[in-house]
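The values are calculated or read from the model by the stated rules, or taken from the named source; none is laboratory data. Note that this is a predicted model, so its numbers are computed, not measured. Note that each Cβ is placed from the backbone with ideal geometry, even for glycine, and that neighbours are counted across all protein chains shown. Side chains are part of the model used for accessible areas, which takes the heavy atoms of the whole protein and leaves out ligands, DNA and RNA. Shrake-Rupley method; radii C 1.70, N 1.55, O 1.52, S 1.80 Å.
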Amino acid sequence: MNSRATANPPANNLGAQLAQIGLRSLPEQLDDFLARALKARWSAVQLLEQVAQTEIADRARRSLERRVRLSGIKRFKAMADFDWSWPTLIERDVIERALTLDFVPEARNLVLVGRNGLGKTMIAQNICHSAVLAGHSVLFRSAAALLEELHRQTPEGRRRKLRAYANVGILCVDEVGYLSFDDKAADLLYEVINRRYERKPVILTTNRPFKEWNEVFPNATCIVTLLDRLLHHADVTVIEGESYRVRESEQETAARRRSK
């Protein structure tokens, strides 16, 4: 096969030529685009403006899709589906303010404390998704996944991962306290929090009050210092009540029984 022919598409293959100079959206809709241009009788300037606008919009869309994918947020329910009346205690004003991302420029942390099934992860996911939409880089990781990822690295790989966790715009560490970790894991989490201290915000969810973190990281000597860094510039909000997931399960069971 002639490599020059492969590298240089035929002159009449406009779509391939546009793709070769880096345009992505226009080649995929070229026939429709040209039809609209002829129908509207765009001038040369209008045509170039439309080309630019089409590519800018497409690149913004692809950038958003990529940042959502890399964030690790995964599927979640929107805040519109959150039942504010279910928890017996919840600071709605704190959460709604966090959804405006006011804590980001101040590098303030947000810590959500409460038992399982009260929506801490859902709230954190919604905040992180809002941040992605606003153009921020985000990493959403469970505590277990983050610590396992750091633990299994080579020394050089761990340094690279720590830099990544330190420099991302918003880091969310979900589900601290659901599993117990060794003192090495506590040191790694401290390193992450310390590198972001007063520079970049952390969102953290936990089902354990801070006085019980010694049980989450038994034998760790850095817990006091870790919490000092985490909570120094932080909004800490406590959610209390019964598990919403248990309530949903009971409602689904009752509905199935009624349908029989």
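In the chain, what percentage of the DSSP-assigned beta bridges are antiparallel, given to the nearest 5?
Values: 1 of 20 bridges.
Expressed as a percentage, antiparallel bridges in the chain total about 5.
Enumerate the whole-percent occupancy of each 5 Å bin, from 0 to the last occupied one, for all C-alpha pair distances of the chain.
Cα pair-distance distribution for the chain, in percent: 1, 5, 10, 13, 13, 11, 9, 7, 7, 7, 6, 5, 3, 1, 0.
By the scheme Lys and Arg +1, Asp and Glu -1, what is the net charge of all other residues having a beta-carbon under 9 Å from that of residue 121? Before the final figure, lay out the partial values.
Details: positive: 120; negative: 174, 175.
Charge balance in the 9 Å sphere: -1.
Rounded to a whole number, what is D in µm²/s for the stretch 123-237 from Stokes-Einstein with the Kirkwood radius over alpha-carbon pairs (4 °C, 1.567 mPa s)?
Values: Rh = 14.4 Å.
Reported coefficient: 90 µm²/s.
What is the local net charge at residue 57, summed over the other residues whose Cβ is closer than 14 Å to its Cβ (Lys, Arg +1; Asp, Glu -1)? Could the numbers behind the result be given before it?
On the way: positive: 24, 59, 61, 62; negative: 28, 49, 55, 58, 65.
Neighbourhood net charge equals -1.
So, in Å, what gap is there between the alpha-carbon centers of the stretch 113-139 and the stretch 32-88?
Their Cα centres are 21 Å away from one another.
Among the lysines, which fall within straight-line cross-link reach of residue 74, defined as a Cα-Cα distance under 23 Å, with same-chain neighbours fewer than 8 residues apart omitted?
Candidates past the 8-residue exclusion: 120, 161, 200.
Quick one: net charge of residue 14's neighbours, Cβ under 13 Å, K/R +1, D/E -1? Walk me through the numbers before you get to the answer.
Numbers: positive: none; negative: 28, 31.
Once all neighbours under 13 Å are counted, the net charge is -2.
Once amide H atoms are built 1.01 Å from N in the peptide plane, which residues 5 or more positions from residue 234, or in another chain, come under 5 Å H to H?
109
On the full set of protein chains, 1.4 Å probe, figure out the accessible area of residue 36 and give it in Å² to the nearest 10.
In the full protein context, residue 36 sits at about 90 Å².
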